[in-house]
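To keep things clear, I will list the structure first and then write my remarks on it.
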Amino acid sequence: MNDDAKFHALKRLNSKFEMKLDDDYVKSSIMSIMSKLSRNHRHKVHFHFKTFPNVGVARQNKPTKYNLTQENWEQLCDLFSGPKYHRRCETNARRKDDQEPNRMDFFKATHYSNDKGWTTIEAKTTYEKMVELRSTPVEEGAEPKTIDDIMDEVLDTRSGYISGLGYGPKPN
């Protein structure tokens, strides 16, 4: 969304709602919401675009449920068929294929910051226990503990609840 389009969107919103656009927090919140909505809309339209074998056919089949003009649709077709967009899609696809972080890495990522350090002393102590259990040598004939086993032991997992992660299904 270019600056001109953002300006017009803010102007339209301001005409329908009472907002203090001079307040930086209000303006940044609105811009963040609009950005997410725009990205979501573009994703849905791109999904429609990908159903066609080539750009020419796609241009002739503007989606009806997304309230687009033919000019907007053609601009999006140009965007979706451009090399820059293809590179970005390929990069994002590779990132998705990368392995997701394990539960221990997730715990550290959500409780530790390079700038601020650990969120609490308990979080630091808990993570240190995890690292200690992970580095403990395995007795001969015994199976090494998985990261999930270590997490369950250290975080005191109860049915439906994981300490430090909250309610919900246990991540695989």
message: I'd like the residue in the stretch 110-122 that is modelled with pLDDT of 90 or more and assigned to a helix (DSSP H, G or I) and, out of all such residues, is surrounded by the most Cβ atoms within 10 Å (Cβ to Cβ).
response: 111
- request: May I ask you to verify whether residue 76 is modelled with pLDDT of 85 or more, surrounded by 11 or more Cβ atoms within 10 Å (Cβ to Cβ) and in the same structural domain as residue 58 (by TED's automatic domain parsing)?
  value: yes
query: Is the stretch 47-63 home to any residue that is in a helix (DSSP H, G or I) and touching a Lys or Arg at 6+ places or on another chain (Cβ under 7 Å)?
result: no
query: Any residue in the stretch 18-28 that is surrounded by 14 or more Cβ atoms within 10 Å (Cβ to Cβ), under 26 Å from the mean Cα position of the chain (by Cα) and assigned by TED's automatic domain parsing to the domain that holds residue 88?
result: yes
- request: All but one of (1) under 30 Å from residue 154 (Cα atoms); (2) of a type in the set (Val, Ile, Thr); (3) within 23 Å of the chain's Cα centre (by Cα) hold for residue 45, so report the exception by its number.
  value: (1)
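The values are calculated or read from the model by the stated rules, or taken from the named source; none is laboratory data. All values derive from a computational prediction rather than experimental measurement. Glycine gets a Cβ as well: all are built from the backbone with ideal geometry, and neighbour counts include every protein chain shown.
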